[in-house]
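Asks: I have a structure here, written as structure tokens, and I will follow up with some questions on it.
The values are calculated or read from the model by the stated rules, or taken from the named source; none is laboratory data. What you are looking at is a predicted structure, and each value in this text was computed from that prediction instead of being measured. Methodologically, a virtual Cβ is constructed for each residue, glycine included, from the backbone with ideal geometry; neighbour enumeration extends over all protein chains shown.
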Amino acid sequence: MSSPDTEDGSPYAPHTEAETEAMLDAIGASDVEELFDIPSAVAFDDTFDIPARSEAEITHEVRSILDRNASVTCLLGRGHYDHFIPAIVDHIADRSEFLTSYTQYQPEASQGYLQALFEYQSLLVELTGLGVANCSLYDAASALGEAATFAARLRHTDGNRVLVPELLHPGRRSTLENYCAGPGIEVATYPSDDGTADVDALEALVDDDTLMIYAESPTIRGTLEPASRALGELADDHDAAFCLGSDPYALSILETPHEVGADIVVGDAGVLGLPTSFGMGLGLFATREEYVRQTPGRLVGVSEDLEGTRAFSLTLVTREQHIRRERATSNICTNQAWVALRAAMHAAWLGPTGLVDAATSYVERPRELAERLDAIDGVSAPVHDRAHFREFTWRVDDDASKVANALLEHGYAVHALDDDTLQVCVTDQPNAAIDGFVHAVEEVIT
Amino acid sequence: MKIHEQARWYRRDDDLTEPLLVEKDSTTVDVSVDGLDDSLTRDELTLPNIAEPEVAAHYTRLSQMTFGIESGPYPLGSCTMKYNPKFTERLAADPGAHVHPDLPDEACQGILEIMYHLQRYLARICGMDRVSLQPPAGAAGEFAGILICRAFHADNGEDGQRTEVIVPASAHGTNFASAAMGGYEVVTVPSNEEGRVDLEALEAALGPETAALMLTNPNTLGVIERDIEEIASLVHEAGGLLYYDGANLNALLGRARPGDMGFDITHYNVHKTFATPHGGGGPGAGPVGVTDRLADYLPDPVVTVDDDETYRRVTPERSIGKVHGFEGNWLVLLKAFAYIARLGDDGLLDASAKAVLNANYLAERVGYPIPYGPVQHEFVASASGQDAGEVARAMLDYGVHPPTTKWPELVDEALMTEPTEVETKESLDHLADAFNAVRDLDDDELAERPKRTSVRKIDQVAAARSPVLNWQSIETPKS
Amino acid sequence: MSLDIPDDRRYIESHEWAKDEDGHVRIGISDFAQDELGDIVFVELPDVGEEIIADEPFGVIESIKAVSDLYAPLGGSVTAINEELFDRPELVNQEPYEGGWMLEIDPSDPDALDALMSASEYEGQLA
């Protein structure tokens, strides 16, 4: 087997033949193959049967495959949202220094990125009211998993059971259970009452074995939790941590988690900056300052250089796997830094007015849509008598899956939850799309 | 000696400091939402309020204070900092790639088809039978692999018995942490004097309590575990599984496959081997592959294809479930697919050839001793007598990114260096000159460096003693 | 560089020292240990009133580059902790035997102190 000619090789390995020869001469080898120390018994001398394509060919191939996705108006939510992303985010975040650099272990060469992540952390501190936010985990589900094991490390908590809403998104539930399996933490559910926490039922379930109570606002059904404060107090009474799930848009108008007594906030911060991407996320994780040394994930801090200039660096690194190994606060290494950068950029572009205006519209537009749906014979909306954010559930006399499929054929994607319940999500779609959707429902229902 | 004046891009210059956003503006707006009870809402929100041109200028300046792949050689050991082809970004921006994960399979056939092809490519490249793309990063892939291992032993009625995962002392920190997260006790085995797994120590560590051995090959010293067949049979005889950490796969592309070496579980770091951008720390993707006997345990979902060419997301029969809320980092996976398809068999083979050629050439030219070999795609030099951290900082003044330092600990003052296939001979010569110039600096000169970066040596002790982690905690922000 | 090993106290293999203070026992880490760890940034200690067990970890010490458990030379209940270390962890580097002490206990077995290594035995272990 011999090394292929450059034109047959990687277009991103720029060696000329003369250079290769000169390098081999310097090494004292006659062929690149001599350099490999692979035992012959395990050497691979077959091919993968993967043909190389030109950039034009593979571009065309991928685009034509992606064209097979149905072209629909996305009114789906339930934990992943289709928000408008301003063009500036794509253009500036794609600058090669941001896109291609490594984790900022060499701070003198990455001050800019470190400052951007520090500003992201500061944004989340403002939104949550809590003292510490890390510079990202993978997504809301893994952040919830980390929250449970984090809660178990806190000195003031006791117990071994995490209580989560019965309506918890199945992907979050499954991920949480996996994070809890190793340390042997039990995951149990508490009932809901009209789409939010059933506080009385929860009170009956909480005992001294409760490690953490988790609630969401907005919930996976879009309802806003009216009893957050009571849940916080309940957790506190039983030496349990209170973890609240939310997102940056909702947090820009909701009472801060700090005010309602949350010890931890998790969620998906990718509602800012991240386009719909088949479920990619940006794990938000914030907590109280006194718990900083138990926090999972990277943290950027500020200090000075030897001339007294303000300088940023990753800090408290002894929490992390590359130093603390099996006793690290988490195994996370690669995170979602570039998505955090995009979220920070998006928030900077919106400013406080833009954030509050957008969040307000995610209360008002779903409410208007619910009113319009409710006016249709055979539809009742919303199902829950609660304030909603972005999305709500609605009931039909017909079979819900049949209705969802028919709407998909009309070009509108919504969730079918069970026999007669659907869920629809309104973010930044133009009014015409919402009008078209209402019209389609009218047609499908009658 | 030829030292280019390449450091100018980030030369110290007062004009290159950039205020925090909050130092530009801090605006408080009242919050009141019609129809929402006051008890639900906050009173006000305070954040920077600046116009789009200022936002663009702010982040552009921040990018100029950051070293990227195209800023200069980036030989971070174990990180595989390859050039990230631009065309993959354009594909990831295609509107067809931006789909909600809850769309029914019939409505997202395009995405599922690409996922299906990528699963097959990855399976073939590592000699695995089945692959799930769900884990969103290498460490998440490790965690999924460990959960698979646990589920497998549990099904054999051995969960209570097999409580230990063996990890070489020089392994990546994530191996230890992932095994511990999965509920295992971590047992370390030392290296022998050649820098390879000490077979006697391994035999002594193996037993009925062994659940798995986690290994990377070539190992973190950049040398091949030549006894891999014997290691595999020892582990299998003890009833354990052999886990492959894909961090160093770039050395093997097209030449050897973990599956043929006897590995049962593999994770892939597509942001290393398959050139998807590191993004300043992520997102990556960490698909996990297994042999047939473990296929039923893979994370949910795997993509299958029906006879009528309909692609479906399927939950394997005894799946461990999910380690991510949806289907992982899809846009990263798309870029990896495009990269593999662009290179094809010949390109992948050439990538490993040139990666190993570059590492060997650089090793030849670097004046620091390299205690272990023969080196493959990376080498670990020793800066013994100097402080590796100071060496790294000093290298910045020559317009290059320094290597990974002080790890693995087997090498005193380690400089772990992985140039990857993308560096030209000229760039490697420049990198070698930078190493050798720094080697000649005395302690006083070293302590002064770097001088040409946007900030100089940072007081990290102060940062850790009194952490200031947000602008709200900075005592006197500039007005 | 010469390491300070005062002979007015006892030592254990993991480099903690224990010193009798009128019936209570004060505990800290040796000059050798602080030197090995480098710049100390954080010390986590038990609360007053907690019981610590001989040879078991009672706290954590963190430097810029490593984290180590602190092991109890003796068992007993904690009567005082050095709260100054929370603000000035560098005291452990600067004065490991004086201002850098960590906690005081009421030992459950006061005689156990004499069974620990003397300064010269500890020095022998370091050699």
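Asks: Exactly one of these conditions fails for B:Asp198: (1) touching a residue at least 12 places away in the same chain (Cβ under 8 Å); (2) surrounded by fewer than 20 Cβ atoms within 10 Å (Cβ to Cβ). Give me its number.
Replies: (1)
Asks: Further, regarding this structure: Could you identify the single residue in A:Ala204, A:Ala151 that is under 29 Å from A:Arg298 (Cβ atoms), modelled with pLDDT of 95 or more and not acidic (Asp, Glu)?
Replies: A:Ala151
Asks: Can you tell me which of (1) more than 7 Å from chain B (Cβ to nearest Cβ); (2) without any contact (Cβ under 8 Å) to a residue 40 or more places away in the chain; (3) buried (at least 20 other Cβ atoms within 10 Å of the Cβ); (4) not polar (S, T, N, Q) is the one A:His91 doesn't meet?
Replies: (3)
Asks: Can you name the strands (runs of 3 or more DSSP E) wholly within region B:224-339 that have at least 1 residues being crowded, with 24+ Cβ neighbours inside 10 Å?
Replies: The strands (runs of 3 or more DSSP E) meeting that bar are B:241-245, B:265-267, B:288-290.
Asks: If a residue has to be without any contact (Cβ under 8 Å) to a residue 24 or more places away in the chain and outside any helix (DSSP H, G or I) to count, how many in region A:12-33 make the cut?
Replies: 8
Asks: Something else: In this structure, does C:Ile105 turn out to be surrounded by 22 or more Cβ atoms within 10 Å (Cβ to Cβ) and farther than 17 Å from C:Asp31 by Cα?
Replies: In short, yes.
Asks: Which one of these does A:Ala416 not meet: (1) at positive phi; (2) in contact with a Leu (Cβ under 6 Å, 6 or more places away or on another chain)?
Replies: All conditions are met except number (1).
Asks: If you don't mind, another one. Does B:Ser63 fit the bill of being of a type in the set (Gly, Ala, Ser) and surrounded by 15 or more Cβ atoms within 10 Å (Cβ to Cβ)?
Replies: Judged against the criteria, B:Ser63 is a match.
Asks: Of all residues in region B:188-213, how many are more than 27 Å from B:Val375 (Cα to Cα) and in a strand (DSSP E or B)?
Replies: Total satisfying the criteria: 2.
Asks: Just checking, which of A:Leu422, A:Leu407 is farther than 22 Å from A:His169 by Cα and either modelled with pLDDT under 95 or not assigned by TED's automatic domain parsing to the domain that holds A:Ala269 (or both)?
Replies: A:Leu407
Asks: Could you run through region B:346-374 and say how many residues are buried (at least 21 other Cβ atoms within 10 Å of the Cβ) and either within 21 Å of the chain's Cα centre (by Cα) or at the interface with another protein chain (Cβ under 9 Å from one of its Cβ atoms) (or both)?
Replies: Result for region B:346-374: 16.
Asks: Tell me yes or no: at least one residue of region B:201-211 is closer than 27 Å to B:Arg130 by Cβ, surrounded by 23 or more Cβ atoms within 10 Å (Cβ to Cβ) and under 23 Å from the mean Cα position of the chain (by Cα).
Replies: No, because not a single residue in region B:201-211 is closer than 27 Å to B:Arg130 by Cβ, surrounded by 23 or more Cβ atoms within 10 Å (Cβ to Cβ) and under 23 Å from the mean Cα position of the chain (by Cα).
Asks: For a quick check of your reading of the model, give me the residue pairs whose first member lies in region A:34-50 and is in the same structural domain as A:Met23 (by TED's automatic domain parsing), whose second is part of a loop (DSSP other than H, G, I, E, B) and among the hydroxyl-bearing types (Ser, Thr, Tyr), with beta-carbon atoms closer than 7 Å and at least 6 apart or on different chains.
Replies: none
Asks: Just to be sure I understand, how many residues within region B:49-75 are over 30 Å from B:Val400 (Cα atoms) and either touching a Ser or Thr at 6+ places or on another chain (Cβ under 6 Å) or modelled with pLDDT under 95 (or both)?
Replies: 1
Asks: Need the failing condition index for A:Asp82 against (1) in contact with a strand residue (DSSP E or B) (Cβ under 8 Å, 6 or more places away or on another chain); (2) surrounded by fewer than 21 Cβ atoms within 10 Å (Cβ to Cβ); (3) of a type in the set (Asp, Glu); (4) facing another protein chain (nearest Cβ under 9 Å), just the number.
Replies: (2)
Asks: Quick check on my filter: what residues within region B:378-402 are closer than 24 Å to B:Thr188 by Cβ and either in contact with a Pro (Cβ under 6 Å, 6 or more places away or on another chain) or assigned to a loop (DSSP other than H, G, I, E, B) (or both)?
Replies: The answer is B:Glu378, B:Ser382, B:Ser384.
Asks: Moving on. Quick check, is B:Gln134 of a type in the set (S, T, N, Q) and touching a helix residue (DSSP H, G or I) at 6+ places or on another chain (Cβ under 8 Å)?
Replies: Yes: the conditions hold for B:Gln134.
Asks: Of all helices (runs of 4 or more DSSP H) completely enclosed by region B:23-126, which ones contain at least 2 residues that are out of contact with any strand residue (DSSP E or B) (no Cβ under 9 Å at 6 or more places or on another chain) and either free of Cβ contacts under 8 Å to residues at least 40 places away in the same chain or among the polar types (S, T, N, Q) (or both)?
Replies: Result: B:52-64, B:86-92.
Asks: Follow-up. Return a yes/no flag: does region B:433-450 have any residue that is crowded, with 24+ Cβ neighbours inside 10 Å, touching a helix residue (DSSP H, G or I) at 6+ places or on another chain (Cβ under 9 Å) and assigned to a loop (DSSP other than H, G, I, E, B).
Replies: Yes, because at least one residue in region B:433-450 is crowded, with 24+ Cβ neighbours inside 10 Å, touching a helix residue (DSSP H, G or I) at 6+ places or on another chain (Cβ under 9 Å) and assigned to a loop (DSSP other than H, G, I, E, B).
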